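Coordinate-derived values only; no laboratory data. The structure displayed is predicted, hence computed values, not measured ones. Cβ atoms come from the backbone with ideal geometry, glycine included; neighbour counts cover every protein chain shown.
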Amino acid sequence: SSLLAHIAELHLGDRTRDEVDSYLKRLKRIKLTSVKTTVKRVLTFKMQRRRAEALHEMLELQAAGELNDEEWQRLSTAGFTSSITDGSSRLVDYFQSVDDRMSKREFSAQKFNHYPLFLIEPLDSLVRGLGRGQLGLLLAPPKRGKSTFLIWLAIAYVLQRQSVAYVTLEDPVTEIEDRLDSLVSGVKKHELFSRSTLFRKRFRKFMRLIRHNLTIIDGTSDRMTPGDIEQLCLAQRDKGKPFSTVIVDYDDEVAPPQKRNERRFEFADIYRDFRRCAAEHNWFFWTAAQTQRGSETVKILGGERVAEDISKIRKASLVLGIGQGDWGSDSLY
């Protein structure tokens with residue numbers, strides 16, 4: 001109906017209308033593989049209608065002098081988003097769902113790298129990587145290598161056949177591109193121009209190794225909330241380019257969904273949304289956070305070292321800390 005209304009606004013002829021109608025019939029015959037986006041739009045429309053109806057009834061009761069506390073509470077509750085459900089929350093009979101669980105485990109075992117490696121040998125021997133639908137967090141003091149580690153993760157995941165969205169909110173895209181070029185080619189960043197022939201040769205070799213892609217999303221010039229990041233990634237999915245991994249650099253530059261009196265409450269909202277995105281879309285989701293001042297010389301960073309809000313630790317499935325190493329001021333642990 002929206003498309004036909006658009007045709008009417010453009011004053012297009014009957015022939016175009018018939019062509020659009022036949023194309024719509026063709027689209028209806030295509031089997032949908034995912035309807036989450038459509039469901040969300042329907043729920044949004046229903047919520048808008050419900051709020052409008054509740055507001056209209058409030059005005060009528062107010063005009064008639066009949067708007068009491070009970071009616072106000074009833075109509076306000078009717079306008080809450082939580083009062084409409086898309087059926088995603090469901091009851092599961094534990095004893096009757098055993099066959100379904102076995103099928104899921106068999107599918108997971110057959111998938112390539114269900115828990116992608118870090119490609120850092122000592123770390124991979126000690127820690128199992130992040131699973132799908134989970135939130136990973138990197139902790140480090142300022143200027144300790146958070147962005148470098150996240151860039152390493154992006155390349156490591158791409159080499160393991162994952163499609164990665166790297167969201168940069170602090171460093172400009174040119175800086176991220178230079179770091180990536182240096183990493184995949186082994187050419188120092190300040191020598192990329194002077195050794196361009198070597199860089200091109202090694203870059204072509206790297207391209208032959210990978211099967212999936214890496215997309216950089218530039219959020220340095222915009223105020224981006226977790227919902228904005230989610231929508232950008234879903235927009236690429238709708239264009240036929242779905243991501244399996246989302247990396248956000250880093251949490252302090254993410255705008256909260258709503259303004260709070262204290263920053264720690266805003267971080268709680270941000271990480272709650274991050275965790276929901278990872279679980280809802282089955283993404284590997286990574287981000288980074290800063291530790292407190294005075295932690296620059298600490299080797300092992302515990303939860304008490306996290307800045308602003310310790311609930312970040314509780315909301316993440318896996319937390320890695322980058323501390324001071326034992327092999328000099330430039331070493332990392």
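Worth a mention:
- Membrane-span-like helices in the chain, defined here as complete DSSP H runs extending at least 30 Å along the helix axis by their C-alpha atoms with mean Kyte-Doolittle hydropathy no lower than -1.0, are 36-63; this is a sequence and geometry rule, not a statement about a membrane.
- In units of the compact-protein estimate 2.2 N^0.38 Å, region 141-274 shows a Cα radius of gyration of 1.16.
- Listed residue pairs exceeding 24 Å between alpha carbons, taken from Lys241/Lys315; Lys205/Lys239; Lys146/Lys312; Lys143/Lys188; Lys143/Lys241: Lys241/Lys315; Lys205/Lys239; Lys143/Lys241
- Spherically averaged projected area of region 115-189 from its Cα convex hull (nm²): 5.8 nm²
- Put simply, the chain fits an ellipsoid with semi-axes of 42, 29, 22 Å; these come from the alpha carbon gyration tensor as the roots of five times its eigenvalues, largest first.
- Compactness relative to 2.2 N^0.38 Å, alpha carbon Rg of region 272-333: 1.31
- Net charge of the neighbourhood of Lys25, taken over other residues with C-beta under 14 Å away and scored Lys/Arg +1, Asp/Glu -1, is +1.
- Largest to smallest principal axis extent of the C-alpha atoms in region 208-248, angstrom: 36, 21, 13
- Length gained on full extension, Arg41 to Glu66, computed as 0.36 nm times the residue gap minus the Cα-Cα distance: 5.6 nm.
- Three-way shape label, region 1-59, alpha-carbon gyration tensor, a/c 1.5: oblate
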